[in-house]
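Have a look at the structure below, then the notes.
The values are calculated or read from the model by the stated rules, or taken from the named source; none is laboratory data. Given the structure is predicted, the values throughout are model-derived calculations rather than measurements. No Cβ is skipped: glycine too gets one built from the backbone with ideal geometry, and neighbour counts run over all protein chains shown. Surface areas here come from the heavy atoms of the whole protein model, side chains and all, with no ligands, DNA or RNA. Shrake-Rupley method; radii C 1.70, N 1.55, O 1.52, S 1.80 Å.
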Amino acid sequence: MPILASAATKIAMGATAVLAVPILFVAATIGALGGSQAQPGPDAVADIPTDYLGIYRTAAVTCPGLAWSVLAAVGKVETDHGRSTLPGVRTGFNPSGAAGPMQFLPATFTAYAHPVPPGGVDPPSPYHPVNAIHAAARMLCRNGAKDNHDIHAALFSYNHANWYVDKVLAVAASYSRSATTGSVVERVIAFAMSQIGQRYVWGGDGAHEGGFDCSGLTKAAYAAAGITLPRTAHTQYVAGPRLPPGAPLLPGDLVFFGNPHTKIHHVVLYVGDGKVVHAPTFGQRVQVARLASLGPYAGATRPSGSVAA
């Protein structure tokens, strides 16, 4: 939502601060995303309603350099493509005064509502997906998306939070990725990053409980890349393959906390640059943290590939 009034912002309220993450694979996709009107990948086709997908693709073309997948990712993070049942999505306003599937404040929507696009309603309505998505494309275009000048700045203008930018880019990368491209590690990290802001739920795996615990998040992230992990942090540690003591960490590695001889009680996913994504504990949300801030770790594994002895 433009100017900190989104449903996504509300999800993160009460969570500990989420650090901006220079995830290498996400950064590398920004150039490909900018201006790329590639065919939707299987994740996009499965997740985005057909009518919304068509609108995203049509609206993105009006801004040279704006990928439809980025625009669609904004719609996903804001209201799950209009499917959210929170106040202000279909009628009324959310507590911050935002409205519609792209969560616009009234004054912001008015500034970007014209000209009325084909298929939209006149006078423009923030609740109509055609009007709202085209307005979002114009706003992103004005603030950095044009010619892929600065997609980070464009998204930051939509919601002034680095975690929001990271999450949108991760979702966009998953939407544009074909079934045969993208490494295991890229898919694992993209999934985990797309869960930022989800609530902590003991025993949660994201599928049925509406949230994650630490090992539920890592299990689901690796499942997104076709790799099955055991359910608990301790059994994931035992399953390996374990890194030798002192071995440097790589993105995709699982890092464990606790006593390996008695009980491993926490697992995080290393994403590079000294940072991890994890589901910390009760009352907190899935977030990014500096690995060093979590204290000494017991060991690490690399489920994505073999480990040298």
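Quick notes
- Test result for Val130, under 20 Å from Gly54 (Cβ atoms), touching a residue at least 40 places away in the same chain (Cβ under 8 Å) and not hydroxyl-bearing (Ser, Thr, Tyr): yes
- Any hit, segment 108-116, residues being among the aliphatic types (A, V, I, L, M), at pLDDT 95 or above and open to solvent by 60 Å² or more (accessible area, probe 1.4 Å): yes
- When Val61 is tested against (1) open to solvent by 50 Å² or more (accessible area, probe 1.4 Å); (2) at pLDDT 95 or above, only condition (2) is not met.
- Some residue of segment 75-88 being surrounded by 18 or more Cβ atoms within 10 Å (Cβ to Cβ) and more than 19 Å from Val171 (Cα to Cα): yes
- Among the numbered conditions (1) assigned to a loop (DSSP other than H, G, I, E, B); (2) free of Cβ contacts under 8 Å to residues at least 12 places away in the same chain; (3) open to solvent by 40 Å² or more (accessible area, probe 1.4 Å), the only one that Gly92 does not meet is (3).
- One residue alone among Val255, Val276, Val268 is open to solvent by less than 10 Å² (accessible area, probe 1.4 Å) and without any contact (Cβ under 8 Å) to a residue 24 or more places away in the chain, and that residue is Val276.
- Residues that are within 26 Å of Pro260 (Cα to Cα) and surrounded by fewer than 20 Cβ atoms within 10 Å (Cβ to Cβ) were ranked within segment 188-210; the one that is modelled with the lowest pLDDT is Asp205.
Conditions (1) in a helix (DSSP H, G or I); (2) among the small types (Gly, Ala, Ser); (3) open to solvent by 40 Å² or more (accessible area, probe 1.4 Å); (4) at negative phi, marked per residue:
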| site | (1), (2), (3), (4) |
| --- | --- |
| Asn143 | yes, no, yes, yes |
| Asp147 | yes, no, yes, no |
| Tyr164 | yes, no, no, yes |
| Val171 | yes, no, no, yes |
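- Residue within segment 49-58 that is at pLDDT below 95 and more than 17 Å from Gly120 (Cα to Cα) present: yes
- His152 falls short of the stated requirement of being at pLDDT below 95, out of contact with any Pro (no Cβ under 8 Å at 6 or more places or on another chain) and part of a loop (DSSP other than H, G, I, E, B).
- Checking Lys219 against (1) touching a residue at least 40 places away in the same chain (Cβ under 8 Å); (2) surrounded by 22 or more Cβ atoms within 10 Å (Cβ to Cβ); (3) over 30 Å from Arg138 (Cα atoms), the condition it does not meet: (1)
- Residues of segment 249-274 that are under 20 Å from Ala192 (Cβ atoms) and not in a strand (DSSP E or B): Leu249, Leu250, Pro251, Gly252, Asp253, Asp273, Gly274.
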